Amino acid sequence: MTVITNIEDLRVLAQKRVPRMFYDYADSGSWTEGTYRANEADFQGIKLRQRVAINMEGRSTRTKMLGVDAAMPVAIAPTGLTGMQHADGEILAARAAEKFGIPFTLSTMSICSIEDIAAHTKAPFWFQLYVMRDRDFIERLIDRAKAANCGALVLTLDLQIIGQRHKDLKNGLSAPPKLTLANILNMMTKPRWCLGMLATRHRQFGNIVGHVKGVENMGSLSEWTAKQFDPALSWGDVEWIKKRWGGKLILKGIQDVEDARLAVDSGADALIVSNHGGRQLDGAPSSISALPAIVEAVGHQIEVHMDGGVRSGQDVLKAWALGARGTYIGRSMLYGLGAMGEAGVTRALEIIHNELDLTMAFCGHTDINSVDKGILLPGTY
Ligand code: FNR
């Protein structure tokens with residue numbers, strides 16, 4: 001097997017090993033995918049200043065995200081259907097994150113449940129909440145996250161309605177996949193994936209199936225979810241959820257300075273500058289280009305995080321220099337998981353950490369907490 005040296009290697013391997021509909025689900029954006037591509041490309045435009053003849057011994061990338069110790073300012077982003085990239089995907093990714101010493105965020109739309117993750121990890125993980133019309137269900141989900149001792153609630157605000165992703169429609173995305181001839185033929189070329197899924201086929205959307213009256217199987221789930229995301233979500237709901245949760249609250253999906261100010265007013269502890277990995281409003285700016293204005297407006301009042309297009313330690317360092325006190329990785333984690341399960345997620349984290357450590361040193365710093373905009377070439381950000 002080729003030596004895995006970067007996230008792109010993991011992506012290529014995941015493409016070989018994961019059935020097409022699930023690989024495409026991860027590796028796609030909405031409509032023209034312009035924002036999806038810009039998330040990655042705009043990091044490239046930001047240039048770093050190399051410094052020399054500075055003592056580089058004793059380096060550390062250790063910091064805190066929302067008061068939680070982190071081996072580097074990186075957390076695992078919440079991603080739906082992660083257990084379809086690899087059997088038990090959410091458990092494996094959570095374990096890798098715990099061993100590495102970074103926060104893990106579980107999606108509402110995960111295959112493994114809140115209780116599954118709590119049973120397989122010790123570190124408090126974070127839970128991501130989608131607001132559905134069924135408010136009783138939301139209350140029960142929040143209570144389950146509390147019972148599992150989750151360290152923060154990540155409330156996603158940018159998916160009241162769903163941006164169209166062409167590939168998912170063309171592939172007829174469903175979990176588990178429908179047994180059409182095309183799907184069966186494609187899955188036969190992915191024997192590792194099939195064996196894993198056969199061993200864990202009892203797993204469904206664990207946060208939902210069996211927890212909502214009338215949603216007892218996949219068929220009833222798809223009908224339920226199609227109608228469930230609440231287009232009427234408002235800042236009043238944020239207030240209600242904050243009260244019900246009572247713990248640390250992170251608002252995800254902020255792109256605009258006005259919304260960042262409203263996030264501060266809501267009393268949230270942190271916000272994530274995010275365009276959902278280019279999967280919602282195509283044509284929106286990349287996250288890294290939206291970040292500086294938001295940091296300038298509210299960075300002194302609330303902890304600002306970001307996600308979107310983070311594929312390397314260089315990206316993490318650039319986001320940190322521009323004021324993000326944490327980044328999240330979605331696809332970089334999913335590629336690792338699809339390629340090699342838990343070992344692949346660990347490899348993704350090692351790659352990003354190693355790149356971050358060395359890049360920081362090239363820029364003349366030994367402690368990430370001392371890094372600021374000064375490492376960036378003026379005029380390139
Ligand atoms: C996501 N994202 C997401 N966000 C969220 O709040 N809840 C979710 O269930 C999902 N599901 C999901 C599935 C997949 C396959 C992807 C790629 C993304 C968005 C995710 O949390 C994050 O914002 C992006 O993934 C960040 O961009 P990168 O790192 O993937 O470029």
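Just subtract the alpha-carbon distance of Thr32 and Asp136 from 0.36 nm times their residue separation and send over the number in nm, one decimal.
Values: separation 104, 0.36 × 104 = 37.44 nm, distance 3.69 nm.
Roughly 33.8 nm would be gained on extension.
Looking at region 7-375, I'd like the Rg to Rh ratio, where Rg is from alpha-carbon atoms and Rh is Kirkwood's inverse mean 1/r. It would help to have the intermediate numbers written out before the result.
On the way: Rg = 19.7 Å, Rh = 20.7 Å.
Answer for region 7-375: 0.95.
What order do you get for Ser110, Ser30, Ser220 when you list them from fewest to most C-beta neighbours inside 10 Å?
Values: Ser110 30, Ser30 24, Ser220 14.
Result, fewest neighbours first: Ser220, Ser30, Ser110.
Say a paramagnetic label sat at a point 7 Å from the Cα of Lys227, along Cα to Cβ; which residues of region 134-157 have their backbone N under 14 Å from it?
Answer for this model: 134-135.
Distance from a point 7 Å along Cα→Cβ of Ile54 to each backbone N in region 353-372: keep the residues under 18 Å and list them by number.
From region 353-372, the list is 355-372.
Cα centroids of region 325-381 and region 1-23: how far apart, whole angstrom?
19
Using a Gaussian network model on the chain with a 10 Å cutoff between Cα atoms, which of Ile114, Ile46, Ile352 fluctuates the most?
Ranking Ile114, Ile46, Ile352 by mean-square fluctuation puts Ile46 first.
Cut-off is 10 Å between beta-carbons; in what order do Lys190, Lys122 appear when sorted fewest neighbours first?
Working: Lys190 19, Lys122 8.
Ordered from fewest to most neighbouring Cβ atoms within 10 Å, Lys190, Lys122 come out as Lys122, Lys190.
If we count other beta carbons within 10 Å of each Cβ, what is the order of Val18, Val316, Val273, Val68, fewest first? The partial results should precede the final answer.
Details: Val18 25, Val316 28, Val273 31, Val68 18.
Fewest-to-most ranking of Val18, Val316, Val273, Val68: Val68, Val18, Val316, Val273.
Extension gain Val3-Lys178, at 0.36 nm per residue separation less the Cα-Cα distance, in nm? Mind showing how you got there, number by number?
On the way: separation 175, 0.36 × 175 = 63.00 nm, distance 3.46 nm.
Between Val3 and Lys178, full extension yields 59.5 nm more.
Distance cut-off 25 Å, Cα to Cα: go down the list Lys190/Lys213; Lys146/Lys213; Lys167/Lys318 and report the pairs above it.
Lys190/Lys213; Lys167/Lys318
In degrees from 0 to 90, rounded to the nearest 10, what is the angle of the helix 135-147 Cα long axis to the longest principal axis of the chain?
60
If one takes the longest principal axis of the Cα atoms in the chain, at what angle in degrees, from 0 to 90 and to the nearest 10, does the Cα axis of helix 331-362 lie?
The answer is roughly 10 degrees.
Quick check: residue separation of Ala119 and Glu216 times 0.36 nm, minus the Cα distance between them. What number comes out in nm? Don't skip to the end; give the middle numbers.
On the way: separation 97, 0.36 × 97 = 34.92 nm, distance 2.25 nm.
Difference between extended and current length: 32.7 nm.
Cα atoms only, region 44-190: Rg and Dmax in Å?
Radius of gyration, then largest Cα-Cα span, for region 44-190: 19.4, 62 Å.
Values quoted throughout were computed directly from the atomic coordinates according to the rules given, and no laboratory measurement underlies them. From a predicted model like this one, the values you see are computed outputs, not experimental measurements. Every residue, glycine as well, gets a Cβ built from its backbone with ideal geometry; the counts of neighbours run over all protein chains shown.
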